[in-house]
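The values are calculated or read from the model by the stated rules, or taken from the named source; none is laboratory data. A quick note: this is a predicted structure, and the numbers were derived from the prediction, not measured. Cβ placement follows ideal geometry from the backbone for every residue including glycine, while neighbour counts extend to all protein chains displayed.
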Amino acid sequence: MGILNMTPDSFSDGGQHADHHAAVGHAMAMVDAGADIIDVGGESTRPGAQSVPGEAQINRILPVIEGIRSSSPVLLSVDTTQAGVAEAAIEAGADIINDVSGGTEDPHMLALAASKQCGLILMHRLKPPKEDSWSDTYTEDPDYGGDVVGSVRRWLLERAADAKAAGVRADCICLDPGLGFGKSVEQNWSLVAATRDFVETGYPILAAASRKSFIGAVTGITDPAARDAASAVVTGVQVAAGARLFRVHDVAMHRAALLVRGDRADRTNS
């Protein structure tokens, strides 16, 4: 899943794809590099980011979704917590709703996903971005009762159950533990180490570690854009644990890491 942020303030690539034509070109480059899904967002979710009105999000992303769809059959996801934005994106050609609030911010989101029978990614977060902090700036660990893995896993399963109760098919649901969202450095690494625990829920798991601050905290790499190689190592750890979906900035690097891993596994099995 290649990341395409139509935002001026995302933590790594804010402002890089503000022009719609350039954004479509970047999306096509990611497809050529091996992306199976392009994730288009019109609102930054970095710590401290302010919410963006739905109309502004739609104005940012719709021309891009339409441009990509006219050029490619690649799967498209819309990164939003607002049902109105998601509906406009689906009608323009998007296939998946990627909701970082797990369907909690907009009470209409689950019903919309059910009516469209589209893909639905439910992510865990502790609080909205404007109230959150970078993982390496917490003075005290966010409170998960001493069990961040169990707490996040239970919450995601509850949200999946709510989605199904709203009419979303089970095979349309994907879960995301929300690396970097309301977790300290140590808590993020605990979630990475427990990837198999999430895979064992039976739902597809989206791994989204790319360039995040908890990687910078252990590598000493302060520039998010320089964290791609380290991010690909995390991808290798998570694919070994059973994750199969990866939201990344550098598609080519992660694709190469996954292909090397797959080739090794095939040779071993044969």
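Annotations for the structure displayed:
- Positions within segment 91-102 being in contact with a strand residue (DSSP E or B) (Cβ under 8 Å, 6 or more places away or on another chain) and either within 25 Å of P63 (Cα to Cα) or assigned to a helix (DSSP H, G or I) (or both), in sequence order: G93, A94, D95, I96, I97, N98, D99, V100, S101
- Output for segment 63-94, where each listed residue is touching a residue at least 24 places away in the same chain (Cβ under 8 Å), over 19 Å from H26 (Cβ atoms) and of a type in the set (D, E, K, R): E87
- Within segment 86-108, being under 23 Å from F246 (Cα atoms) and buried (at least 19 other Cβ atoms within 10 Å of the Cβ) holds for A86, A89, I90, A94, I96, I97, N98, D99, V100, S101, G102, G103.
- Being among the hydrophobic types (A, V, I, L, M, F, W, C), under 27 Å from S133 (Cα atoms) and touching a helix residue (DSSP H, G or I) at 6+ places or on another chain (Cβ under 8 Å) holds for only one residue in I173, I205, and it is I205.
- Among residues of segment 60-95, those that are within 16 Å of H108 (Cα to Cα), touching a His at 6+ places or on another chain (Cβ under 8 Å) and of a type in the set (V, I, T), counted: 0
- Segment 32-57, subset part of a helix (DSSP H, G or I) and at pLDDT below 95, residue surrounded by the most Cβ atoms within 10 Å (Cβ to Cβ): Q57
- Hits in segment 192-224 - residues which are touching a His at 6+ places or on another chain (Cβ under 9 Å) and either crowded, with 21+ Cβ neighbours inside 10 Å or under 28 Å from C172 (Cα atoms) (or both): S210, R211
- Of residues in segment 117-162 being of a type in the set (V, I, T) and part of a helix (DSSP H, G or I), the one surrounded by the most Cβ atoms within 10 Å (Cβ to Cβ): V152
- Flag if A225 is farther than 12 Å from A241 by Cα, modelled with pLDDT under 95 and either assigned to a loop (DSSP other than H, G, I, E, B) or of a type outside the set (D, E) (or both): yes
- Subset of segment 58-81 [surrounded by 19 or more Cβ atoms within 10 Å (Cβ to Cβ), under 23 Å from F246 (Cα atoms) and not small (G, A, S)]: I61, V64, I65, I68, L76, V78, D79, T80, T81
- Residues that are part of a helix (DSSP H, G or I) and either charged (D, E, K, R) or under 16 Å from N5 (Cα atoms) (or both) within segment 228-251 comprise D228, V251, listed in sequence order.
- Residue list for segment 23-74, filter: of a type in the set (D, E) and under 29 Å from K183 (Cβ atoms): D36, D39, E43
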